[in-house]
């Protein structure tokens with residue numbers, strides 16, 4: 001049978017910002033209990049008093065803050081250089097039997113200019129190409145028989161090098177996403193390799209996004 005404590009835990013886990021604020025003792029327990037009275041009453045299908053919720057909040061034992069772990073601190077301190085590449089175009093294309101063949105033609109062109117920015121991701125139903133806007137017309141010409149689902153200009157990629165052991169640290173990306181959300185940055189795409197993390201944003205968000213990532217490093 002579900003209890004008030006179970007409901008409080010479910011709500012806090014589903015709202016990590018709220019859980020973090022609670023773990024840092026910067027939330028008014030009484031006010032939060034009143035705020036949660038209605039949703040928890042609906043979850044339990046009976047009236048619940050704010051006092052019972054406040055008691056559950058005080059007893060809640062959040063997991064240790066990810067930012068306080070020794071491993072997390074070491075990874076954050078060892079984050080590498082931040083690289084910014086602007087004037088990018090993002091193509092989303094429906095997967096087809098001819099896509100790989102046409103993509104090979106684009107790769108041949110890319111090999112002639114080593115300084116171009118380029119990424120390719122193949123999903124189950126669609127594929128994504130992000131490339132320097134100077135090759136936009138070339139891509140459109142060689143993909144003219146493909147089905148474009150979206151084409152977006154005016155994008156910038158912000159990449160950061162990660163320490164080699166980053167894949168062993170739980171919650172590393174959470175720090176980036178949390179800071180970007182707090183700064184009001186809308187992410188157009190998110191890309192990653194084993195030791196590199198890249199966000200793609202529209203040009204209007206570049207300054208905020210760069211500042212947010214710098215704050216993670218500091």
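The values are calculated or read from the model by the stated rules, or taken from the named source; none is laboratory data. Please read all numbers here as calculations on a predicted model, not as lab measurements. Backbone-built Cβ (ideal geometry, glycine too); neighbour counts: all protein chains shown.
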| query | Among the residues of region 22-37, is any under 23 Å from residue 170 (Cβ atoms), surrounded by 14 or more Cβ atoms within 10 Å (Cβ to Cβ) and either at pLDDT below 90 or touching a helix residue (DSSP H, G or I) at 6+ places or on another chain (Cβ under 9 Å) (or both)? | reply | yes
| Does residue 171 satisfy the condition of being under 27 Å from residue 73 (Cβ atoms), in contact with a helix residue (DSSP H, G or I) (Cβ under 8 Å, 6 or more places away or on another chain) and in contact (Cβ under 8 Å) with a residue 40 or more places away in the chain? | yes
| remark: Scanning region 53-70 residue by residue, those part of a loop (DSSP other than H, G, I, E, B) and modelled with pLDDT under 65 turn out to be 63, 64, 65, 69
| message | Testing residue 111 on (1) loosely packed, with under 12 Cβ neighbours inside 10 Å; (2) closer than 29 Å to residue 209 by Cα; (3) at pLDDT below 90, one condition comes back false. Which one is that? | response | (2)
| said: Every residue in region 5-17 that is closer than 22 Å to residue 51 by Cβ and in contact (Cβ under 8 Å) with a residue 12 or more places away in the chain, please. | reply: 5, 7, 8, 9, 10, 11, 12
| request: Considering only region 163-187, state which residues are in a loop (DSSP other than H, G, I, E, B) and within 10 Å of the chain's Cα centre (by Cα). | output: 186, 187
| said: Among the residues of region 199-206, are any over 21 Å from residue 109 (Cα atoms) and loosely packed, with under 14 Cβ neighbours inside 10 Å? | reply: yes
| request: Evaluate the following for residue 81: is it under 28 Å from residue 208 (Cβ atoms), surrounded by 14 or more Cβ atoms within 10 Å (Cβ to Cβ) and either touching a strand residue (DSSP E or B) at 6+ places or on another chain (Cβ under 8 Å) or at pLDDT 90 or above (or both)? | output: no
| note | Checked region 127-158 for anything under 13 Å from residue 99 (Cα atoms) and touching a residue at least 60 places away in the same chain (Cβ under 8 Å); matches are 128
| query | Of the residues in region 140-170, how many are surrounded by 15 or more Cβ atoms within 10 Å (Cβ to Cβ) and out of contact with any strand residue (DSSP E or B) (no Cβ under 9 Å at 6 or more places or on another chain)? | reply | 3
| request: Give the number of residues within region 80-102 that are closer than 22 Å to residue 192 by Cα and either without any contact (Cβ under 8 Å) to a residue 40 or more places away in the chain or in a strand (DSSP E or B) (or both). | output: 15
| remark: Checked pairs for region 41-53, first over 20 Å from residue 27 (Cα atoms), second outside any helix (DSSP H, G or I) and at pLDDT 90 or above, C-beta under 9 Å and 6 or more apart or across chains, list as 41/47; 41/48; 44/3
| Does any residue in region 192-218 that is farther than 15 Å from residue 163 by Cα come within less than 7 Å, Cβ to Cβ, of a residue that is part of a helix (DSSP H, G or I) six or more places away or on a different chain, and which pairs are these? | 199/209; 201/209; 209/180; 212/179; 212/180; 213/176; 215/179
| request: May I ask you to say which residue of 138, 120 is part of a helix (DSSP H, G or I), closer than 20 Å to residue 88 by Cα, modelled with pLDDT under 95 and in contact with a helix residue (DSSP H, G or I) (Cβ under 9 Å, 6 or more places away or on another chain)? | output: 138
